[in-house]
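**Q** First the structure, which I've put down as structure tokens, then a few questions once you've had a look.
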Amino acid sequence: SCSVMHKQYILFAGSLIEQLTTEKYECMVCCEVVRIVAPVWSCQNCYHVFHLNCIKKWARSPASQAEDGNSGWRCPACQNASVQVPKTYTCFCGKVHNPEWNRNEIPHSCGELCGKRRQCLDCPHLCNILCHPGPCPSCPALVTKTCECGQTSHSVRCGQSTKIHCSNVCGNTLNCGKHSCTQVCHAGKCSPCQLTVQQVCYCGSNYKEVLCGSKEEFFDGFGSFSCQNICGKKLNCGRHNCKQVCHPQPCQLCPRLPQVVYRCPCGQTPLSKLLELGCVERKICTDPIPSCGKTCGKPLSCGSYEFIHTCESLCHEGDCRPCSHTSNIYCRCGFKKKVTAITFMCDKRCNKKRSCGRHKCNEVCCVDTEHKCSLVCGRKLNCGLHRCEEPCHRGSCQTCWQTSFDELTCYCGESVIYPPVPCGTQPPECKKPCTRPHDCDHPVYHSCHSEEKCPPCTYLTQKWCMGKHEVKQLGTDEFVKSRFRLLNVGGCSPCVTCCPNFQRALASKSWVSICKLSPNQPYFLIAAISIATKLTDLQLGDSVEISRLVTKKEMKQAR
């Protein structure tokens, strides 16, 4: 930021000017002092100053080349890569070649206004101090900036990157275009609208709720979705109802209107010919459609590919009568056949997997090719709190769509994740010391955590040895305690002075009484003495090999 750049200028540029003026600044290439009248070159990235001849030699040396070999040579100080090798001696602002030294001016400067553009991208002003080494100071100009929501304005220093937040409610229009943002002035885009709106199906018989502004919120003037039921709306004739599945757009014309029907019910004869034969002309949709008197002949659903059964009734309105013939027909899945006049279903249940890959189809006389699963998935989502409500499917479930609008904090409350917080989000990481109640009163060295149980205490305590000869520092965690409990020394470590006494006690009855050893097995006593001689190693967590002291048979019985 520009504020950091300003501090850097005060510290670095001031020291650089003083060292160049007093001829105490050294070139990093030759390690010689940079004289006032010596031609120099200044890196525009780190602002270090070098002898011009030194930097030319360095740029042509193999040691200066960039690792990829194509980016040019590297600055000795900051390793910034440059393509062109410096050839001329210029002032710090780059306007004057071979600047003459003036005792009243900074060495190697031209004495004119710097005029370079500052590194802050949002500052339009040029540097207004005299030609100088080091970075340009931050811009002193004041500009007016608006807050994140655009309702208030504040005067700030030009180039300041700090975002301005006011205490007003944002109020910007949300993605739905209907409602306004209710959050306090914030950075970035407003969150999607979380209000729900009620939608009606195309036929007007069913409703559902969706998020305002979502893709599902669509209305074409008739409805927003299809409920998959029969439409049932009155047709334009006002006498019949629509028999289509719930659909967008207006219903079709009544299929019985005189201007729509041009043939007899069986479709073999035009009505114009029947009118010539004396049939009454139809005026409205409820008037009967004249019959031609011929055999209907419409194909029936029975029969087979080789022989199709047709309706034997005279030309008629409505559905055809059941077929009077019998034939060998297969069930709809093709597993069984029988002599019948109608379509039948076998009792075989389908064993194929459904589209989800988890459940069997189990449909009787199944003719489905996709075997879509109609069950609800029900598996736990990644949040571990909610279950998938989608139809049963393959692969992983989608992430939980539920969102919390409460702040999510660490245990101590210092670290906060502001809403909206996706379901399943873990509490934020916190660097503050743990504030939970602890069993001991030692200083806490671990950070705030979301786990219920704190890690063991790592504070070192001082304890006397068995003989009260010296004090040792011991850890207070359960792991260290368990080691000393195993040796039955009461949590105290023997020192060099009391160690022989401890070994004798351990080798005699103390160890035997602890381990419950049988007196008929003397090798246990030998093993105990061997362990006692390596007590220090045991305290450090090492083990003692005793297999050479016992037979293989005894080794199997040993514990």
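The values are calculated or read from the model by the stated rules, or taken from the named source; none is laboratory data. Since the structure is predicted, the reported quantities are computational estimates derived from the model, not experimental observations. Because the Cβ atoms are built from the backbone with ideal geometry, glycine has one as well, and the counts that use them run over all protein chains shown. Note: areas computed on protein heavy atoms with side chains; ligands, DNA, RNA excluded. Shrake-Rupley method; radii C 1.70, N 1.55, O 1.52, S 1.80 Å.
**Q** What dipole magnitude, in Debye to the nearest 20, does the stretch 402-465 give about its Cα centre under +1 on Lys/Arg Cβ and -1 on Asp/Glu Cβ? Please list the in-between numbers first.
**A** Details: 5 positive and 8 negative charges, 55 e Å.
Using Cβ point charges on Lys, Arg, Asp and Glu, the stretch 402-465 gives about 260 debye.
**Q** Which whole-Hz couplings ³J(HN,Hα) result when phi for each residue of the stretch 94-107 is put into the Karplus expression 6.51 cos²θ - 1.76 cosθ + 1.60, θ = phi - 60°, listed in order with x for Gly and Pro?
**A** For the stretch 94-107, the Karplus-derived couplings read x, 8, 10, 8, 6, x, 7, 7, 10, 4, 8, 10, 5, x Hz, x marking Gly and Pro.
**Q** Send over the per residue convex hull volume for the stretch 402-465, Cα only, as a whole number of Å³. Display every interim value, and only then the final one.
**A** Working: hull volume 5.6 nm³, N = 64.
Cα-based convex hull of the stretch 402-465, divided per residue, equals 87 Å³.
**Q** On to the next question. Can you work out the base-10 log of I(q)/I(0) for the stretch 355-428 at q = 0.20, 0.22, 0.27 1/Å, using the Debye formula on its C-alpha atoms alone?
**A** Result of the Debye calculation: -0.86, -0.95, -1.17.
**Q** Check which residues have an amide H placed less than 5 Å from Tyr89's amide H, if you skip close sequence neighbours.
**A** Asn98
**Q** I need the calculated FRET efficiency for the pair Arg436 and Gln151, taking r as the beta carbon distance and R₀ as 41 Å, to the nearest 0.05. Don't jump to the answer; show the numbers that get you there.
**A** Values: r = 42 Å, r/R0 = 1.03.
In this case the efficiency is close to 0.45.
**Q** Going down the table (Lys431/Lys463; Lys87/Lys116; Lys234/Lys283; Lys163/Lys432; Lys116/Lys189; Lys353/Lys380), which pairs top 24 Å between alpha carbons?
**A** Details: Lys431/Lys463 32 Å; Lys87/Lys116 21 Å; Lys234/Lys283 19 Å; Lys163/Lys432 26 Å; Lys116/Lys189 35 Å; Lys353/Lys380 22 Å.
Long pairs (Cα-Cα over 24 Å): Lys431/Lys463; Lys163/Lys432; Lys116/Lys189.
**Q** Also: Which part of the stretch 224-261 falls in the paramagnetic zone of Tyr207, meaning amide N under 14 Å from the point 7 Å along Cα-to-beta-carbon?
**A** What the label zone holds, given the 14 Å backbone N cut-off, is 224.
**Q** Just to verify a number: what accessible area does Trp58 come out at with the full protein assembly present, 1.4 Å probe, Å² rounded to tens?
**A** Here the residue's solvent-accessible area equals roughly 60 Å².
**Q** So how much slack lies between Lys352 and Glu470, counting 0.36 nm per residue of separation and subtracting their Cα-Cα distance, in nm? Display every interim value, and only then the final one.
**A** Numbers: separation 118, 0.36 × 118 = 42.48 nm, distance 7.88 nm.
Here the segment from Lys352 to Glu470 would lengthen by 34.6 nm.
**Q** By what distance, in whole Å, do the Cα atoms of the stretch 137-254 stretch along each of the three principal axes, largest value first?
**A** 84, 21, 20
**Q** Could you tell me which GluC sites (Glu not before Pro) in the stretch 346-391 are loop residues by DSSP with no more than 11 other beta carbons within 10 angstrom of their beta carbon?
**A** Sparse-neighbourhood loop GluC sites (Glu not before Pro): Glu370, Glu389.
**Q** Accessible area of the stretch 1-140 with a 1.4 Å probe: how many percent of it is carbon plus sulfur? If you can, show how the numbers build up before the last one.
**A** Details: 4300 of 8120 Å².
Its accessible area is 53 percent carbon and sulfur atoms.
**Q** Okay, next question. Leaving ligands, DNA and RNA out of it, rank Val471, Val156 by accessible area with a 1.4 Å probe, largest first.
**A** Numbers: Val471 70, Val156 20 Å².
Sorted by accessible area, descending: Val471, Val156.
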